[in-house]
Structure formats: structure tokens, C-alpha cells
Amino acid sequence: SQELEQSPQSLIVQEGKNLTINCTSSKTLYGLYWYKQKYGEGLIFLMMLQKGGEEKSHEKITAKLDEKKQQSSLHITASQPSHAGIYLCGADIGGTYKYIFGTGTRLKVLA
Amino acid sequence: KAGVTQTPRYLIKTRGQQVTLSCSPISGHRSVSWYQQTPGQGLQFLFEYFSETQRNKGNFPGRFSGRQFSNSRSEMNVSTLELGDSALYLCASSSGQGWSEQFFGPGTRLTVL
């Protein structure tokens, strides 16, 4: 089974709507990254969370890491077509610089 | 500051051949990690190099190898290519000191025929 589970796998929303993507681990996360990827391209760094309860925002995107450090959520407010892409969470669950990634959430925003 | 660069961007090989991919990290970064991305398996960690030493390794066969040079540039080699090696290969660089952001290159798309 996947060590980092992302949900939903895909999402289609109308422009202007809010949405949330979740990333869940059965183990403690030593650090959690959120990335965005356009199909077939490299990953664009969005945010990094380390401390339980930490919350960070950038433009209309907010990410949180829960207190137990086993789940993170990414929230997009007032979505735009430019938000479309694949969102990936990545984490180190062993503290050994060995990163694993979730399977990704494919987001489509309808204008 | 220049980003992470990967060469070549696209590559077509036949089964049994070998291939070498190159990654130049962001200036000052000492850690380079390699990943394989496929539709079926997603993004999977291959290995990480820090100051010319392999610091960690994922679960890939020995046909996948890498190295890092004194200028932090890294190469990844795949020998005896198989059809299943067709993938997007991504490298990421970071300072490697504690927890730091990983910056990804655009990737090399390898097709094995």
C-alpha cells in the first residue's frame, strides 16, 4: 500500500470555488512538502511544513500539518485556471533524507 | 540564480542499451536526489548524493547507479535498459543541511523501444 495517501485522486471545480487536497501518512512525518506539476514537467515547490500545527500560506494556497504530524491539507481559495495541474505531497517519514511522494491529485479548474 | 538543469531533455534508446543522464544543481547546493516518475508507480526515490557520497538509496535494481562530482553535478546511469525503464527522470537539489527545500529540474524523458 502507498505510504503517503492523497485524496482525492482527481478534482474538477468551477473557477472561483474553494477546494482541499489531503495527504495522509500512517507514520510520523519528519517534514512535508507540497509541489505542483504541469504534465510531463518538473515539480514546482509550493510549501514546506515541519512542525505539528504549522500553517503556511502563499497567495491563495494554504497548507497545514496536523498536530500529530501524520496528515497535511492543501487548501486553495477562489480557484483559477492557473491552479490547474497535479499536486503532490512529499515527505521524509524516516528522518533519513529518503523522500516518498503521494500519488498526486489532478486538478482541473473550469473557466 | 540559475535553476536545476537536466540534460538531455528527451532520449530514445533500445532495450539492452545503457544511458547516462546529467543534473546540474543550483549553485551552492550540495545534495542531489534522483527520482523516477511513471504513470503506474508515480514518483519514486532512486538515490541521493551529498558531497560526492551516496547518502541514501531507494529500492531499485543495481542497473541504476549514480555519482556526484566535486562541483556537485550528478550523473545517473541505467545499464541494460528494459521497456519498463521508460519514464520521466527528475533530479532535485537542496542544500542538504537538515530540512531544506528541494528544487526540481525539468526532467529527462526516457523512452525505451
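The values are calculated or read from the model by the stated rules, or taken from the named source; none is laboratory data. Keep in mind that this is a model prediction, so the values were computed, not measured. Note that we place each Cβ from the backbone using ideal geometry, even for glycine, and neighbour counts take in every protein chain shown.
Things worth noting here:
- Lone unmet requirement of (1) within 10 Å of chain A (Cβ to nearest Cβ); (2) touching a residue at least 40 places away in the same chain (Cβ under 8 Å) for residue B:44: (2)
- Lone qualifier among A:62, A:24, A:103, A:28 - being without any contact (Cβ under 8 Å) to a residue 24 or more places away in the chain and either farther than 20 Å from residue B:107 by Cα or of a type in the set (Ser, Thr, Tyr) (or both): A:62
- Any chance residue A:10 is away from chain B (no Cβ under 13 Å) and within 13 Å of residue A:90 (Cα to Cα): no
- Those residues of the range B:38-78 which are modelled with pLDDT of 90 or more, in a strand (DSSP E or B) and of a type in the set (D, E, K, R), in sequence order: B:48, B:67, B:75
- Any hit, the range B:75-88, residues being among the polar types (S, T, N, Q), within 25 Å of residue A:37 (Cβ to Cβ) and touching a Pro at 6+ places or on another chain (Cβ under 6 Å): no
- Condition check for residue B:27: in a loop (DSSP other than H, G, I, E, B) and either surrounded by 16 or more Cβ atoms within 10 Å (Cβ to Cβ) or touching a strand residue (DSSP E or B) at 6+ places or on another chain (Cβ under 7 Å) (or both): no
- Residues that are over 14 Å from residue A:42 (Cβ atoms) and not hydroxyl-bearing (Ser, Thr, Tyr), drawn from the range B:33-54: B:39, B:40, B:41, B:42, B:44, B:45, B:46, B:47, B:48, B:50, B:52, B:54
- Total residues in the range A:2-14 satisfying the condition of being part of a strand (DSSP E or B) and farther than 15 Å from residue A:77 by Cβ: the figure is 6.
Every residue, every condition in (1) at pLDDT 90 or above; (2) closer than 19 Å to residue B:94 by Cβ; (3) under 13 Å from the mean Cα position of the chain (by Cα); (4) surrounded by fewer than 19 Cβ atoms within 10 Å (Cβ to Cβ), yes or no:
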{"position": "A:63", "(1), (2), (3), (4)": "yes, yes, yes, no"}
{"position": "A:75", "(1), (2), (3), (4)": "yes, no, yes, yes"}
{"position": "A:78", "(1), (2), (3), (4)": "yes, no, no, yes"}
{"position": "A:87", "(1), (2), (3), (4)": "yes, no, yes, no"}
{"position": "A:106", "(1), (2), (3), (4)": "yes, no, yes, yes"}
{"position": "A:111", "(1), (2), (3), (4)": "yes, no, no, yes"}
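- Consider the range B:66-96 and keep the residues that are in contact with an Asp or Glu (Cβ under 9 Å, 6 or more places away or on another chain) and of a type in the set (S, T, N, Q). The one that is farthest from the other protein chains (Cβ to nearest Cβ) is B:70.
- Within the range B:97-112, one or more residues are more than 14 Å from every other protein chain (Cβ to nearest Cβ), in contact (Cβ under 8 Å) with a residue 24 or more places away in the chain and touching a helix residue (DSSP H, G or I) at 6+ places or on another chain (Cβ under 6 Å).
- Among residues of the range A:61-86, those that are assigned to a strand (DSSP E or B), on the phi < 0 side of the Ramachandran plot and away from chain B (no Cβ under 13 Å), counted: 10
- Restricting the range A:41-60 to residues that are hydrophobic (A, V, I, L, M, F, W, C) and either more than 30 Å from residue B:8 (Cα to Cα) or at the interface with chain B (Cβ under 7 Å from one of its Cβ atoms) (or both), the residue that is surrounded by the most Cβ atoms within 10 Å (Cβ to Cβ): A:43
- Subset of the range B:1-24 (residues that are of a type in the set (Lys, Arg) and not in a loop (DSSP other than H, G, I, E, B)): B:13
- Residues in the range A:13-40 that are of a type in the set (Gly, Ala, Ser), within 15 Å of residue A:100 (Cα to Cα) and within 11 Å of another protein chain (Cβ to nearest Cβ): 1 in all.
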